[in-house]
Amino acid sequence: MSLVKKSLAKTASVVPSSTETHAPTAAIDVAQANAPVTENEQKEYPFFVAAIESDLAQLKTFTDIADKASYKSEALKRNDYLGYIKRYRLSGQNHHNTVLAWVFIWLVDLKRWDDVLELLPLMVEQKQPLPTVFNTKHWPAFVIDQLYDDANYYLSQSEQAGLFTISFVLHRLITTVKNQDWTGLEVVGGKLYAMAAKVDASLHNYGFAAAFAEQALAINEGAGVKGLLKDLQKLLKQSEPEQAVDAD
């Protein structure tokens, strides 16, 4: 039994496991989201804080990145952190949540992008603080930096499968942050769109690539894709006669 479950069992508030195989109905979600915060939901947070602090201490004993990743993945299941976060969201709670912050960081580390992109709006909306060990204080910037490194690797290796995956994730992230005000974060915003442009260009998605390059330069003139944009515009212009013939 996990540390959290042992603690909650003592107070007759055992944490349920996340064993659902299907999504709750919309009606249930709405009802739960509008429900008041229960005493149990308020009580369980300290136990999860204790669990995450214990896991963070244990992680410091590992030196190998693969071992750390394995431990994080196991800890997410063992302590049902995602189950807790789901209850936190549905209960309407809104407070600085160190468990939520660290679990989100682990999800990024583990490249669990579906979970990351689902939780990112919550992190921004609630203005959850990043742990002080990180230089950035901006959650989208944190995610963008990680994706940028991954995308650069796939580009350097010309790894098509990885590029397809990272392109899909970048498109979803761009949709998620489409209303983001990049004032003061021009470098980060430009980096996101510039990398999306490079990845899509490598996959011959020239229309998307050109649009992303234009947006990157609109946010930050020094985004480093002026040459790429010119090349893309030439390619798109060359394809226009072919498209006209096909239309005929």
Pairs 86/178; 77/178; 178/198; 60/178; 86/111; 191/230: which exceed 28 Å Cα-Cα? 77/178; 60/178
Note down the net charge around residue 199, summing +1 for each Lys or Arg and -1 for each Asp or Glu among other residues with Cβ under 12 Å from its Cβ. -2
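Grab the other residues whose beta carbon is less than 14 angstrom from that of residue 218, score K and R as +1, D and E as -1, and report the net.
Working: positive: 178, 191, 226; negative: 181, 186, 214, 221.
Computed value for this residue: -1.
If R₀ is 35 angstrom, what is the calculated FRET efficiency for the pair residue 126 and residue 70, using the beta carbon separation as r and rounding to 0.05?
Numbers: r = 30 Å, r/R0 = 0.85.
Computed FRET efficiency for residue 126 and residue 70 comes out at 0.75.
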Please compute the length gained on full extension between residue 226 and residue 86, using 0.36 nm multiplied by the number of residues separating them and subtracting their Cα-Cα distance. 46.1 nm
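If you stretched the chain out fully between residue 57 and residue 94, how much longer would it get, using 0.36 nm times the residue separation minus the C-alpha to C-alpha distance?
Fully extending the segment from residue 57 to residue 94 adds 10.7 nm.
Can you tell me the order of 150-156, 44-50 when each peptide is scored by its average per-residue count of other Cβ atoms within 10 angstrom, highest first? Working shown, then result.
Details: 150-156: 15.7, 44-50: 18.1.
Top to bottom by mean Cβ count within 10 Å: 44-50, 150-156.
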Output ordering of 66-75, 166-175 (per-residue mean of other Cβ within 10 Å, highest first) is 166-175, 66-75
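Once you keep just the Cα pairs under 8 angstrom separated by 6 or more residues, what percentage relative contact order results for the stretch 139-247?
Rounded, it is 22 percent for the stretch 139-247.
Taken together, the values in this text are just the output of simple stated rules run on the coordinates, not laboratory data. All values reported here derive from a predicted model rather than from experimental measurement. Positions of Cβ are backbone-derived with ideal geometry, glycine not excepted, and every protein chain shown enters the neighbour counts.
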